[in-house]
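Okay, structure first, notes after.
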Amino acid sequence: MSIPSRTALIDHLVRTRIAGDVATPRENNLDHYRKLANGDRRYWFGLEFGDRWTDEQDVLAVMAERCGVSDELNHRAGQDTIDPELTVAALDRMAAVLRKAAMGRQRVLFATGHPGGLLDVHRATAAALRAAGCEIVVIPDGLTADEGYVFQFADVAVFERGATLWHTHSPAPMAAILDGLVREGRPLPDLVVADHGWAGCAAQRGLDAVGYADSNDPALFLAEAEGTLQVAVPIDDHVQSPRFYDPMTAYLLAAAGLSPEA
């Protein structure tokens, strides 16, 4: 896995639309910000915001600052953006967390609700941390949530229903994992590396957590702004090919001082 320079990675992120002019339209972004502000818990990703984010404009301001979407209130439809500089800066912050985990040989749990896009990002990160001496947390057997099953594939917890891996933002699968570990008398993870509701649930439970999130999913960015989540990395989380994320993963692991796979 070749390691891109910062400039080369930014060029790649824009070219593949992981950042830059992303596929998520402006109207979809604003609709989700509004729903979160209106208290729709499907958009809270397992976090508890109380009445702190009831103004859509406040949510937009955080998303402009941390994700790079347009801060123009009159821009209601059409193209929106993720700032690739913010993406790489967040990757650097995540790398610092991973470096600390490796140095402390921490217990790390990986999970994704985006198996079609991010499964291999998490798998490669787990492999690098294991090689550095970390323990990758094995989840309990027989877990269920949201009328499906929670299991581990290539070191990454995923959600399955009908013999198919599902895209889910729900916090319920992560809650099932953490509750299952407690029932078995096993220690909780020192760190959770995940995305969306999986990361949000872990952070709300008081665990150190980092995660990836799209421009239409503001919850993790608000949680980072409040200090509940350590890092939220802004990316389009399901681009045309999962291989497009490989340079991003290589950069992340190199920045963390970890050895990526060849």
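Values as computed for the structure displayed
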| quantity | calculated |
| --- | --- |
| Failed item in (1) part of a helix (DSSP H, G or I); (2) touching a strand residue (DSSP E or B) at 6+ places or on another chain (Cβ under 7 Å), with residue 215 passing the rest | (1) |
| Candidates 255, 219 - the one that is within 20 Å of residue 175 (Cβ to Cβ) and either buried (at least 18 other Cβ atoms within 10 Å of the Cβ) or modelled with pLDDT of 95 or more (or both) | 219 |
| Hey, residue 123 assigned to a loop (DSSP other than H, G, I, E, B) and without any contact (Cβ under 8 Å) to a residue 60 or more places away in the chain or not | no |
| Any hit, the range 166-180, residues being of a type outside the set (A, V, I, L, M), more than 17 Å from the chain's Cα centre (by Cα) and either modelled with pLDDT of 95 or more or surrounded by 14 or more Cβ atoms within 10 Å (Cβ to Cβ) (or both) | yes |
| Enumeration of residues in the range 67-82 that are surrounded by fewer than 22 Cβ atoms within 10 Å (Cβ to Cβ) and either assigned to a helix (DSSP H, G or I) or within 19 Å of the chain's Cα centre (by Cα) (or both) | 68, 81 |
| Qualifying residue in the range 202-211 (condition: closer than 30 Å to residue 56 by Cα, in a loop (DSSP other than H, G, I, E, B), among the acidic types (Asp, Glu) and modelled with pLDDT under 95) | no |
| Residue count, the range 1-17 (criterion: in contact (Cβ under 8 Å) with a residue 60 or more places away in the chain and assigned to a loop (DSSP other than H, G, I, E, B)) | 5 |
| Test: residue in the range 44-59 that is over 14 Å from residue 217 (Cα atoms), of a type outside the set (Lys, Arg) and either under 17 Å from the mean Cα position of the chain (by Cα) or in a helix (DSSP H, G or I) (or both) | yes |
| Residues of the range 97-120 that turn out to be touching a Cys at 6+ places or on another chain (Cβ under 7 Å) and either of a type in the set (S, T, N, Q) or without any contact (Cβ under 8 Å) to a residue 12 or more places away in the chain (or both), as a count | 1 |
| Every pair of residues 6+ apart whose Cβ atoms lie under 6 Å, when the first sits in the range 145-171 and is within 13 Å of residue 196 (Cβ to Cβ) and in contact (Cβ under 8 Å) with a residue 12 or more places away in the chain while the second is part of a loop (DSSP other than H, G, I, E, B) and of a type in the set (D, E, K, R) | 170/146 |
| Search result, residues across the range 218-243 that are part of a loop (DSSP other than H, G, I, E, B), more than 13 Å from the chain's Cα centre (by Cα) and not aliphatic (A, V, I, L, M) | 227, 228, 240, 241 |
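The values are calculated or read from the model by the stated rules, or taken from the named source; none is laboratory data. Predicted, not measured: the structure shown is a model, and the values here were computed from it. All Cβ positions, glycine included, derive from the backbone under ideal geometry; neighbour counts span all protein chains shown.
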